[in-house]
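Single-structure report; data block below.
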Amino acid sequence: MKLVETDRLIIRNLTDDDLDSLLIYRSNPDVVRYQTFDVMDRAALQLLINSYKNASWENGQDWVQYGIVQKSTGELIGDCALRIDDDTAQIGMTLSHLKRGNGFATEAMSGLLKYVFEKCGVRRVVETTDVRNRNSIALLQRLGFREEGHFVENAFIKGEWTSEYQYAMLRREWDARG
């Protein structure tokens, strides 16, 4: 199922054909450094695909993982997680290290924001990110998110206490962007 389409991307359910592309970036320690999950092998990724290939947040699932596909090549270049709880959404994103620096994260997140605000009717999107994740922080700021909090050593991830920033955007702030 196609969830979002932008100029260069399609965000859709994961498929079995995505396994090799997922393995390229989800097995890279640098890519998953600030994620709550660790590197994944082929078997773990197949389980991930099986869990989400027919999933939809509309069916009451807590988090749903979707694939980010580059339209011009048909290649999976990343994935994103979406959670909608009443009037609040959360979005997580992992982009292949091979595709960074091309504006794909900005385009994917913009498409997802448009979807959750305009089609799903959410009032607020909340994002948390590791304070060391400069790329994620820059993305959120570029899109107009506001920093709402700094949580010091609040999450124990990969054997260490990490600190996080919380960012948010309201529907009215999205609309005011023009």
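The values are calculated or read from the model by the stated rules, or taken from the named source; none is laboratory data. This structure is a prediction, so every number in the text was calculated from the model and none was measured. Using ideal geometry, Cβ is built from the backbone for each residue, glycine included, and neighbour counts are taken over all protein chains shown.
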Open item on the list: over 27 Å from Asp20 (Cα atoms), within 17 Å of the chain's Cα centre (by Cα), assigned to a helix (DSSP H, G or I) and among the hydrophobic types (A, V, I, L, M, F, W, C): is that true of Ala138 in this structure?
Closed with: yes
- [ ] Answer yes if at least one residue in segment 72-95 is assigned to a helix (DSSP H, G or I) and either on the phi < 0 side of the Ramachandran plot or of a type in the set (Gly, Ala, Ser) (or both), and no otherwise.
- [x] no
TODO: Please identify the pairs in which a residue from segment 83-112 that is over 18 Å from Asp18 (Cα atoms) has its Cβ atom under 8 Å from the Cβ atom of a residue that is of a type in the set (Gly, Ala, Ser) and in a loop (DSSP other than H, G, I, E, B), counting only partners at least 6 apart or on another chain.
DONE: Asp87/Gly121
Open item on the list: Out of Tyr25, Tyr66, Tyr34, I need the residue that is of a type outside the set (Asp, Glu), crowded, with 18+ Cβ neighbours inside 10 Å, over 27 Å from Lys119 (Cβ atoms) and under 13 Å from the mean Cα position of the chain (by Cα). Which one?
Closed with: Tyr34
- [ ] Quickly run through segment 148-174 and pick out the residues that are among the acidic types (Asp, Glu), over 18 Å from the mean Cα position of the chain (by Cα) and modelled with pLDDT of 95 or more.
- [x] Glu148, Glu153, Glu173
TODO: List every residue pair whose Cβ atoms lie under 8 Å apart, where the two residues are 6 or more positions apart in sequence or sit on different chains, the first residue falls within segment 166-178 and is in contact (Cβ under 8 Å) with a residue 24 or more places away in the chain, and the second residue, located anywhere, is assigned to a loop (DSSP other than H, G, I, E, B) and exposed (fewer than 15 other Cβ atoms within 10 Å of the Cβ).
DONE: Met169/Gly144; Leu170/Arg123; Arg171/Arg123; Glu173/Gly144; Trp174/Gly144; Arg177/Gly144
